[in-house]
Amino acid sequence: KNQVEQSPQSLIILEGKNCTLQCNYTVSPFSNLRWYKQDTGRGPVSLTIMTFSENTKSNGRYTATLDADTKQSSLHITASQLSDSASYICVVSVMNRDDKIIFGKGTRLHILP
Amino acid sequence: EPEVTQTPSHQVTQMGQEVILRCVPISNHLYFYWYRQILGQKVEFLVSFYNNEISEKSEIFDDQFSVERPDGSNFTLKIRSTKLEDSAMYFCASSGNTIYFGEGSWLTVV
């Protein structure tokens, strides 16, 4: 069964600290993996997208990694800011099925001043 | 930055009423989607639409729901005879290489 599991479910860190969010998936055949940031009450916004051949992708203070062998991805946030408080959602697409997209439940990140 | 736009942003409706949520996808995208997110829960897939027909739908997308692309630009989700449990944020999305989401339509059924 195609699944995307994220951990931790929620995370609280102090402003300025780094953190890493995890995503494990069992989607097959794999096409790409995206990380989204979703502010409360808003639509998800794309942070990174990685295909099978990409190991890492950065977007400012956000760095995503992908290990296609172990089917794991991480999102590392450097020097966190209060505005990073949001849900971070891992989304995996099935190859040749652009309509087949599997969402993780998300990690709720709280940044404290 | 391309945008998916949704209207209305908020709607309150009485149980049993019909609701139409509207979306304008990004113009050169071919795939369109509706998702919903009940407060505090994960984003749930409802339906995907390609080449003017439904390509996949979830078990949530029962006969109460329908989608339409009436004029080649708008993409609508109709919910017939709304129930209390239909209260959620409904997101429209469209995709080319990347999926773009709209800001959502808050639906409250009372």
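Read-outs: derived from the displayed coordinates by stated rules, not from any lab. Since the structure is predicted, the reported quantities are computational estimates derived from the model, not experimental observations. Note that we place each Cβ from the backbone using ideal geometry, even for glycine, and neighbour counts take in every protein chain shown.
In a simple Cβ point-charge model (Lys, Arg +1; Asp, Glu -1; nothing else charged), chain A has a dipole of about 180 debye relative to its Cα centre. Think of each Lys and Arg Cβ as +1 and each Asp and Glu Cβ as -1; about the Cα centre, that makes the dipole of chain B roughly 120 debye. Name the residue from A:70, A:36, A:50 whose Cα lies farthest towards the positive end of the charge dipole of segment A:14-113, charges +1 on Cβ of Lys and Arg and -1 on Cβ of Asp and Glu. After comparing all options, I get A:36. Ordering B:24, A:92, A:27 from the fewest to the most neighbouring beta carbons within 10 Å gives B:24, A:27, A:92. Structure remark: mean-square fluctuation, Gaussian network model of chain B, C-alpha springs under 10 Å; the largest value among B:19, B:67, B:43 belongs to B:43.
Here each label is just a point 7 Å from Cα along the line to Cβ, and for residue B:73 and residue A:13 those points are 4.3 nm apart. Relative to the Cα centre, what is the charge dipole magnitude of segment B:37-99, using +1 at the beta carbon of each Lys and Arg, -1 at the beta carbon of each Asp and Glu, and rounding to the nearest 20 debye? Here segment B:37-99 has a charge dipole of around 160 debye.
Taken one residue at a time, the phi angles of segment A:35-49 give Karplus couplings (6.51, -1.76, 1.60, θ = phi - 60°) of 10, 10, 10, 10, 6, 4, x, 10, x, x, 10, 5, 9, 8, 9 Hz. Gly and Pro are set to x.
Among all the lysines, which ones have a C-alpha under 19 Å from residue B:42's C-alpha, if same-chain residues fewer than 8 places away are not counted? The qualifying lysines are A:1, A:37, A:100, A:105, B:57.
Shown for chain A: cysteine residues without a partner Cβ closer than 4.7 Å, namely A:19. The residues packed around residue A:55, meaning those with a beta-carbon under 12 Å from its beta-carbon, carry a net charge of -2 if Lys and Arg are +1 and Asp and Glu are -1.
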